[in-house]
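The next block holds one structure in the form of structure tokens; read it before the comments.
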Amino acid sequence: MTDYVDAGEAVPHRSLSAVNQSAPATRNVDYDRIVDATSEPENWLTYYGTYDGQRYSRLDQISKDNVRRLAPAWVFQSSSQGLQAGASTYSFEATPLVVDGVMYVTGPDGKVWAIDAKTGTELWRYKHATPFDVSLCCGNVNRGVAVGHGKVYMATLNCHVVALDAQTGEPVWDVIVGDVRAGESRTVAPLIVKDMLLVGSSGGEFGTRGHLDALDVETGERRWRCYTIPKPGEPGSETWPDDGEAWQRGGANCWITPTYDPELNLIYQGTGNPAPDFDGGVREGDNLYTDSVVAIDADSGQIRWHYQFTPHDLWDYDSTMENLLFDGPDGQKLLAHADKNGYFFVLDRTNGELQRVFPFVDRITWGEITPDGKVTAKVYPDEEGVPVHFWPGPAGGKEWTHMTYSPRTGLIYVPVQEVGATATRRRREFRESIPYWGAGVAVDLDDHYGFVAAIDPNTGEEKWRWRNEYPMCASTLCTAGGLVFQGTPTGEFVALDEETGEKLWSFQCGSGHHSSPSTYSVDGRQYIAVPTGWGGWVEGFLPGLLGAAAGSAMFVFALPEN
Amino acid sequence: MTAEAGARNEVVEAGLDRQNGVTLGRLMGTGSVGYAEEGSDGVMRATVRIPEDQLIFEPQILVVPHGGEIELTLINDDKNTHCAVLPCNADNKIIWLVNHAKGTARLKLDGPGHYYYGSTTGNDEGRGLNGAIVIGGEVPDEAKLDRPPQPRPQSQAQAQAQS
């Protein structure tokens, strides 16, 4: 036999593509620039666009008058090779960020791209290798990056946080922030606050102990960690059994990006469900700080106040979704939160005092919250082996996907899901990395619908609703063009009149929406970007569409140049 | 005979460990287990071969003690052309392996966890040309949750012994 042919050395897969791993330099993004992000609507600098979580853009080129001419400017296609974790559950859930004409966006399975925001040309890519066996509650997903200090920051499914050079995509630092053997993961889009990077935990269905980390933006070194389940003796620990181990695996994960008030220096972090999700018998008490908003001092990482939306949750009602900051008519600093439990809360964000609470969905059977905030549970899994049906289901009246606030109308536009579920309590032992639900759960396959609700947060009045055959599982976006954008589970991307809810335009993207669109402009032309790709925890929020076409494309729309 | 050896015999007896036997290809996970060796430079090295007409990587399961730098020597002893697309932080890596070829792949992977790689030409993957890189170890203490040690799942044999 002759000598072996020299096959050389394996090369990066991207080297066999048109990608040249180079993005143009942009002006540096730092804390001051993000604080003032409203003044540069041509960019989408941070997860929600601005720290307040309003997801509102001052861009008005695309308007009610011309939106009928909106058309795709370019499409970006993701792809995968070989066997990947959660191969049947990947979903394109990110918010695209844009800085001075360069878009940064993540996809499933550890991928992040820099893309020419005008042409759609891929500039560089990075892929963090994801272990095939990583614990994923809700799919192979990632919700986006933070950009700043010359870097692009991403959290990975195997609990790393990586900082990449914004021009080349090359790693600058890589730190381990969690324990994959404990069932932890990371899916959140990081948030830059001052010289820190905030990254919250995922893994609520595996009995972890939730927390928010603040890392140094230059080194990745941890500045502080705020646990959202207190240890014995700490404030809030009295809401857990004092003779048990429940707090050690109690959940309250922080898997959605917080909002932030620079004046108050408070981070508003929503927290996830307690664990086990449906078996409250092993965790008697209110179980703080699960299903809460915690206001965290940005410098110390200490909790200043909290408000719990669902004490002693028995329905998987995470409260991780955004806490939208807005000012009341008299200038009062307020916070709005549409919870999985079907109630809409308005709090004083300086101290957490309840201002008003009202239902924003049609069907609530799990319990009742009175206008003064008193919570009464009515229907819940209690007796072993006995099925219990309740509304809203565990994906909630509103999922993690985000609502939007228009300062033009004073309305908050909420994507609403009307779908129930049946849970049957089945107690189980806790084992690290094994799902820890305490029930069998089946979400309704039919009798569901959804709508976009335009809600006046100062009165609780629903001004209009745009009803859809299927629940709304994607974030809304509103602009100064008088438009509210919404993606549907069946692939349509629609533009609604902010004042009436009338549908003015739609485009079929070919796969369902479970992401957060953003808007930006380059060279004076406004674009709307929306990742599409049906997936994630579909069996939880809309199992009636489990068989729908998956996808992983990002559509970017603009008006015709002529 | 151990439970593991018994299971292996069952696979052989069922004819699942060869091409065009009961199945068309060879069932995944029916190859051998090998171990990477850590050098004084901290790089973990191993050799993986593609035997003639087997359409598998041997060892099919490569155990690596912990995350870090891994150097594989890849040898195609088959009389057909294959390749390997391998996981690596920053980007997957690819190497083309014509008949009777030898090359290397330098990978950076986190642990713990396991990863699959495969030959992505034709339906090599379906026929059996997938390999697993299994990385052991624990995350650093500073990355662990602040709580007492928790119970972990038992193996099937442990559970059976207990019952």
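The values are calculated or read from the model by the stated rules, or taken from the named source; none is laboratory data. Nothing here was measured: the structure is a model prediction, and the numbers come from that model. Glycine gets a Cβ as well: all are built from the backbone with ideal geometry, and neighbour counts include every protein chain shown. Ligands, DNA and RNA are stripped out before the accessible areas are found, and what is left, the full protein with its side chains, is counted by its heavy atoms. Shrake-Rupley method; radii C 1.70, N 1.55, O 1.52, S 1.80 Å.
Quick notes
- Globularity index of the protein assembly as shown is 0.96 (Cα radius of gyration / 2.2 N^0.38 Å, N = number of residues).
- Only helices enter this figure: runs of n ≥ 4 DSSP H residues, each worth -39500 (n - 2.57), summed and divided by the residues of chain B, yield -3500 deg cm²/dmol at 222 nm to the nearest 500.
- Computed lengthening from residue A:372 to residue A:546, 0.36 nm per intervening residue step minus Cα-Cα distance: 58.7 nm
- Interface burial in the range A:153-191 reaches 50 Å² or more for A:176, A:179, A:181, comparing the full protein assembly with the chain by itself; accessible area from heavy atoms with a 1.4 Å probe.
- Beta bridges per DSSP, both residues in the protein assembly as shown: antiparallel share near 90 percent.
- Portion, in percent, of the accessible area of the range A:59-145 that falls on carbon or sulfur, probe 1.4 Å: 44 percent
- Label-point separation in nm, residue A:353 to residue B:53, each point 7 Å along Cα→Cβ: 8.4 nm
- Surface composition of chain B: carbon plus sulfur atoms contribute 51% of the solvent-accessible area (1.4 Å probe, protein chains only, all chains present).
- Site pair residue B:152 and residue B:13 shows an inter-label distance of 3.2 nm when each label is modelled 7 Å from Cα along Cα→Cβ.
- A loss of 50 Å² or more of accessible area (1.4 Å probe, protein heavy atoms, ligands and nucleic acids excluded) relative to the isolated chain is seen in these residues of the range A:110-137: A:127, A:129, A:132, A:133.
- Note: relative contact order over chain A, using C-alpha pairs below 8 Å and six or more positions apart, is 15 percent.
- Shielding by partners, peptide B:101-111 (average Cβ within 10 angstrom, other chains): 5
- A Förster radius of 22 Å combined with the Cβ-Cβ distance from residue A:20 to residue A:71 puts the calculated FRET efficiency at roughly 0.15.
- The string of couplings for the range A:41-51 from the Karplus curve (6.51, -1.76, 1.60, θ = phi - 60°) is x, 5, 10, 10, 7, 8, 3, 8, x, 9, 4 Hz, one whole number per residue in order, with x for Gly and Pro.
- Lacking any other cysteine beta-carbon closer than 4.7 Å, the following Cys residues of chain A have no compatible partner: A:159, A:226, A:254, A:473, A:478, A:509.
- Contact surface B-A: accessible area buried, both sides summed, square angstrom, 1.4 angstrom probe: 4300 Å²
- Peptides A:407-414, A:361-368 ordered by average Cβ neighbours within 10 Å, highest first: A:407-414, A:361-368
- Once you reduce the range A:436-473 and the range A:344-389 to the center of their Cα atoms, the two points are 15 Å from each other.
- Between the beta carbons of residue A:304 and residue A:562, assuming R0 = 56 Å, the FRET efficiency works out to 0.55 to the nearest 0.05.
- Extension gain for the segment residue A:503 to residue A:168, taken as residue separation times 0.36 nm less the Cα-Cα distance, is 116.5 nm to one decimal.
- For the pair the range A:42-82 and the range A:526-562, the centres of their Cα atoms are 13 angstrom apart.
- Average silhouette area of the range B:35-139, convex hull of alpha-carbon atoms, in square nanometres: 6.1 nm²
- Apportionment of accessible area to carbon and sulfur, the range A:398-543, percent (1.4 Å): 43 percent
- Dividing the summed -39500 (n - 2.57) terms of all DSSP H runs of n ≥ 4 by the residue count of chain A sets its mean residue ellipticity at 222 nm at -500 deg cm²/dmol.
- Shielding by partners for peptide B:116-125, expressed as the average number of C-beta atoms from other protein chains within 10 Å of each residue's C-beta, is 2.
- Relative contact order %, the range A:1-129, counting alpha carbon pairs below 8 Å whose residues are six or more apart: 24 percent
- Contour excess over end-to-end distance, with Cα ends at residue B:24 and residue B:144 and 0.36 nm allotted per residue: 38.7 nm
- Going from the isolated chain to the complete set of protein chains, the range A:4-28 loses at least 40 Å² of heavy-atom accessible area (1.4 Å probe) at A:4, A:5, A:7, A:9, A:10, A:13.
- Distance from the C-alpha centroid of the range B:1-62 to that of the range A:278-297: 47 Å, rounded to the whole angstrom.
- Accessible surface, the protein assembly as shown, averaged per residue in Å² (probe 1.4 Å): 35 Å²
- Other protein chain C-beta atoms within 10 Å of residue C-beta, averaged over B:79-89: 4.
- Each of the peptides A:127-137, A:472-482 was scored by the mean count of other Cβ atoms within 10 Å over its residues; in descending order, highest first, they stand as A:472-482, A:127-137.
- Bridge type composition, the range B:35-139 - antiparallel percent by DSSP, nearest 5: 65 percent
- Relative contact order (%) - the range B:35-139, alpha-carbon pairs under 8 angstrom, separation at least six: 29 percent
- Qualifying GluC sites (Glu not before Pro) in the range B:80-163, where qualification requires a DSSP coil assignment and no more than 15 other C-beta atoms within 10 Å, comprise B:138.
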